[in-house]
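Undergrad: Before anything else, here's the structure in question.
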Amino acid sequence: QVLLVESGGGLVQAGGSLRLSCAASGRTFSSYAMGWFRQAPGKEREFVAAIRRNGGVTYYADSVKGRFTITRDNAKNAVYLQMNSLKPEDTAVYYCAAAQGAYRPSYYHDYDYWGQGTQVTVSS
């Protein structure tokens, strides 16, 4: 089992940047694929980005491609989401998730563990 704790959310103006972090407990972090999802009020949870266990391959939603970057540091048991050129429509609670076995990067049902979320608010 792995415990995930997100941090780094906040209020930022449109065009600004934020870096989200997700700290994971346990000694087997490198065995999990990791993802970031977000959920805005009244909307379903949506895929943002994912990264394979060794960090060699990343996936992005079209809406964030070119603006967001997902990375991981297996030595620090952490995954990050660098968010640049933020837009008001990026406002949401952002969740970190871990997938233990086979998974489809953009399917939140395929992830086994979730953090509590961190709020990102982008003002216009």
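Undergrad: What is the sum of charges, Lys and Arg at +1 and Asp and Glu at -1, for the other residues whose Cβ falls under 13 Å from the Cβ of T28? All intermediate terms of the calculation are to be shown ahead of the outcome.
TA: Values: positive: R27, R53; negative: D112.
Result for the local shell: +1.
Undergrad: Also, I was wondering about something else. Relative contact order of the chain: what whole-number percent is it, with Cα pairs under 8 angstrom and at least 6 residues apart?
TA: Dividing the mean separation by the residue count of the chain yields 35 percent.
Undergrad: Further question on the same structure: Read phi for every residue in the range 67-80 and hand back ³J(HN,Hα) as whole Hz from Karplus 6.51 cos²θ - 1.76 cosθ + 1.60, θ = phi - 60°, with x for Gly and Pro.
TA: 10, 10, 9, 9, 9, 9, 10, 5, 5, 9, 6, 9, 10, 10
Undergrad: Could you check what % of the DSSP bridge pairs in the range 11-124 are antiparallel, to the nearest 5? Display every interim value, and only then the final one.
TA: Working: 32 of 35 bridges.
Restricted to the range 11-124, the bridges split so that about 90 percent are antiparallel.
Undergrad: Which lysines have a Cα less than 19 Å from the Cα of K87, not counting those fewer than 8 places away in the same chain?
TA: Partners found: K43, K65.
Undergrad: Determine one quarter of the surface area of the Cα convex hull of the range 1-92, which equals its mean projected area, and express it in nm² to one decimal. List each step's numbers first, then the result.
TA: Numbers: hull surface 24.2 nm².
Averaged projected area of the range 1-92's Cα convex hull equals 6.1 nm².
We did not get these values from a lab; they are worked out from the coordinates using the rules stated. Because the structure is predicted, anything quoted here is derived from the model rather than measured. As a convention, Cβ positions derive from the backbone with ideal geometry for all residues, glycine included, and neighbour counts pool all protein chains shown.
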